[in-house]
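The structure appears below as structure tokens.
The values are calculated or read from the model by the stated rules, or taken from the named source; none is laboratory data. Quick caveat, the model's predicted, so the values are computed rather than measured. Cβ placement follows ideal geometry from the backbone for every residue including glycine, while neighbour counts extend to all protein chains displayed. Ligands, DNA and RNA are excluded from the accessible area calculation, which covers all protein heavy atoms including side chains. Shrake-Rupley method; radii C 1.70, N 1.55, O 1.52, S 1.80 Å.
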Amino acid sequence: MANLASYNEKRTLVEVIGETIAPIHSARSEEGAAINENLRNEAQLVSSKDNVITEDGEIVLGQSSLNDEELKKNIFQDPEIADYYRKLYANSQYEGRHHFDPELEWTAKEEKAILWKLEWRVTLWACIMFIGLQIDRGNLVQATSDNMLKDLNLTTNQYNYGNTIFYVCFLSAELPSQLVSKMLGPDRFIPLQMVLWSIVAMSQAALKGKNSFYATRALLGILEGGFIPDIVLWLSFFYTSKELPIRLSFFWTALSVTTIITSIMAYGLLRLRGVCGMPGWAWLFLIEGLITLLIGLASFFMMPASAVQTKTWFRKKGWFTEREEKIVVNRVLRDDPSKGDMHNRQAITPKLLWESLKDYDLFPIYMLGLIAYIPATPQSFYISLMLKSLGFSTFNTNLLAIPYNVIHIIMLLLVTKASDIFNDKFLVAVAQPLWLLPLLVAMRWWPGAQQDAWATWAIVTLLLGYPYIHAILVALCSRNSNTVRTRSVSAATYNMFVQAGNIISSNIYRTDDAPLYKRGNMQLFWINIGVLGLLLFSKAYYMWRNHSREKIWSKMTKEEKFNYLATTTDKGNKRLDFRFAH
């Protein structure tokens with residue numbers, strides 16, 4: 001059967017575009033006309049209160065329910081809808097079905113206490129696992145500061161090919177990885193992934209040349225692919241749809257924090273060059289891979305399958321009391337009833353991916369995911385090689401990478417917060433290409449670029465500390481998908497475009513363009529101009545789409561609106577009542 005979308009997400013246009021507009025489901029005639037027989041035949045359920053569960057799994061409130069604020073918060077207060085879902089949860093063998101309670105009430109104080117438990121036990125550990133990912137995904141840059149390429153007889157082009165192989169494998173593994181995660185469960189598969197890739201990461205200490213370098217890059221990409229969507233799926237078992245985005249934003253903050261930590265670690269680990277006859281970069285791979293291995297092993301014990309499965313032989317009391325378990329389960333179900341349908345916990349399949357790729361209304365965001373981060377990415381790959389070539393020591397090279405990460409964190413938080421304050425995503429996001437523009441001009445046309453050591457470091461530091469708009473675009477992709485079930489697909493599709501952009505970035509700086517990379521910096525300059533233009537086009541496109549729909553919607557009577565909502569085959573962002581965020 002079709003998955004069921006969250007009725008809360010479609011309740012008002014205010015939640016979609018932040019404007020004070022009347023509820024979109026107030027679409028009944030003044031006389032409260034009865035639902036026609038066609039609707040009753042097509043819907044999965046029409047309750048005595050005229051609340052409808054459509055054939056496609058959407059919930060539409062009837063006229064008598066529109067002014068019932070309690071029912072809007074808890075749709076299960078309609079006993080017929082509650083009974084429908086109770087049977088659905090039983091049939092799907094949902095693990096929290098025995099805690100489903102439409103009458104359960106709790107205080108704001110109780111909910112706040114539970115959220116704090118979730119922050120410390122779920123979000124914090126998810127961030128720690130993400131740190132493990134970033135350690136093994138990002139330490140290649142630090143390893144190159146210790147003459148790794150020279151030791152392995154690698155050219156910069158071959159270094160690029162290694163990065164390309166990694167991202168191609170990472171991208172290719174995302175769908176198969178999610179299918180395996182669906183079969184095993186993210187609580188089992190994520191720790192297994194981490195253990196396997198950490199073993200490969202440690203094995204990089206034994207690299208001998210080009211072939212072994214390519215092989216480990218491929219294996220790391222295969223084993224790490226799908227990790228992030230699996231983490232998102234696991235988090236969704238504990239948080240509501242409105243709570244999840246801010247938790248995901250912690251990941252990008254953790255990414256920069258990890259780079260700061262590993263830069264400090266590299267300063268010490270690379271000094272082990274010569275110990276046991278091993279180069280410093282080999283010790284770096286070995287010890288940091290061991291850290292990830294320990295995180296992966298701990299994750300087998302730190303990741304319960306759900307909120308109602310935290311009690312086990314090594315955690316006899318569990319995380320929650322029985323009442324707290326009930327609150328966690330019911331607050332999530334009231335936000336999105338489909339989360340109790342275990343069939344909804346499915347990986348992204350080729351069919352779902354194709355449906356997402358056909359969604360032309362999300363293509364502006366997908367294309368931004370492809371090109372938006374290219375202008376700054378080559379420098380992140382090459383910063384160690386650049387600084388070494390300018391005369392900085394191996395150890396100072398890693399310490400000099402810390403300032404840009406500090407700036408990056410600050411700018412990420414500022415630009416993301418500004419997009420919320422001004423309620424304008426694309427115009428605020430323009431800050432990124434505008435910030436990068438003069439720095440790319442300097443890298444391409446200033447005679448001192450990559451000649452004057454400290455000036456070049458300052459330029460690259462500011463360039464890599466740019467206002468990162470990834471969190472803004474992820475939020476836009478989520479909101480403009482409209483439904484819970486399409487959000488996970490569109491988020492994965494967007495991430496694939498980002499990885500494809502990384503593949504492009506890996507091949508901008510070439511050996512025949514070294515050491516000034518004038519051709520590469522020219523390409524980055526024009527791509528950045530393209531990002532600026534695409535952001536402005538996207539803003540205009542979504543404004544035009546909203547205006548076109550509003551003209552049609554405003555001409556419909558209330559009864560026509562209600563019948564449309566209850567019978568339409570339009571899905572997600574194709575519905576006439578949906579307005580795009582921009």
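Quick notes on this one:
- Of all residues in the stretch 412-431, those satisfying the criterion of being touching a helix residue (DSSP H, G or I) at 6+ places or on another chain (Cβ under 8 Å), in contact (Cβ under 8 Å) with a residue 40 or more places away in the chain and closer than 20 Å to Leu463 by Cβ are Leu412, Leu413, Val415, Thr416, Val428, Ala429, Val430.
- Considering the stretch 471-524, the residues that are within 20 Å of His408 (Cβ to Cβ) and open to solvent by 20 Å² or more (accessible area, probe 1.4 Å) include one that is modelled with the lowest pLDDT, namely Ala475.
- Odd one out for Arg121, checked against (1) more than 13 Å from Ile327 (Cα to Cα); (2) open to solvent by less than 60 Å² (accessible area, probe 1.4 Å): (2)
- When the stretch 564-582 is limited to residues that are among the polar types (S, T, N, Q) and open to solvent by less than 40 Å² (accessible area, probe 1.4 Å), the one that is nearest to Lys358 (Cα to Cα) turns out to be Asn573.
- Where a residue in the stretch 251-278 is outside the structural domain of Asn396 (by the TED database) and its partner, wherever it lies, is not in a helix (DSSP H, G or I), with Cβ under 8 Å and at least six apart: Trp252/Tyr468; Thr259/Ala401; Ser263/Ala401; Leu272/Met278; Arg273/Pro279
- Residue count, the stretch 535-573 (criterion: more than 18 Å from Leu61 (Cβ to Cβ) and part of a helix (DSSP H, G or I)): 21
- Test: residue in the stretch 124-132 that is buried (at least 19 other Cβ atoms within 10 Å of the Cβ), in contact with a helix residue (DSSP H, G or I) (Cβ under 8 Å, 6 or more places away or on another chain), modelled with pLDDT of 90 or more and not in a helix (DSSP H, G or I): no
- The stretch 71-81, subset within 32 Å of the chain's Cα centre (by Cα) and of a type outside the set (Val, Ile, Thr), residue modelled with the highest pLDDT: Phe76
- Residue match in the stretch 302-311 (condition: in a helix (DSSP H, G or I) and either surrounded by fewer than 21 Cβ atoms within 10 Å (Cβ to Cβ) or in contact with a His (Cβ under 7 Å, 6 or more places away or on another chain) (or both)): yes
- Given (1) over 21 Å from Ile246 (Cβ atoms); (2) surrounded by fewer than 17 Cβ atoms within 10 Å (Cβ to Cβ); (3) among the β-branched types (Val, Ile, Thr); (4) touching a residue at least 12 places away in the same chain (Cβ under 8 Å), index of the condition Thr144 fails: (2)
- Here Ser181 does not qualify as within 19 Å of the chain's Cα centre (by Cα), in the same structural domain as Ala305 (by the TED database) and without any contact (Cβ under 8 Å) to a residue 60 or more places away in the chain.
- Residue check, Pro350 out of contact with any strand residue (DSSP E or B) (no Cβ under 7 Å at 6 or more places or on another chain), over 15 Å from Phe238 (Cα atoms) and open to solvent by 30 Å² or more (accessible area, probe 1.4 Å): yes
- Of all residues in the stretch 287-301, those satisfying the criterion of being open to solvent by 60 Å² or more (accessible area, probe 1.4 Å) and either touching a residue at least 40 places away in the same chain (Cβ under 8 Å) or aliphatic (A, V, I, L, M) (or both) are Leu290, Leu294, Leu297, Phe300.
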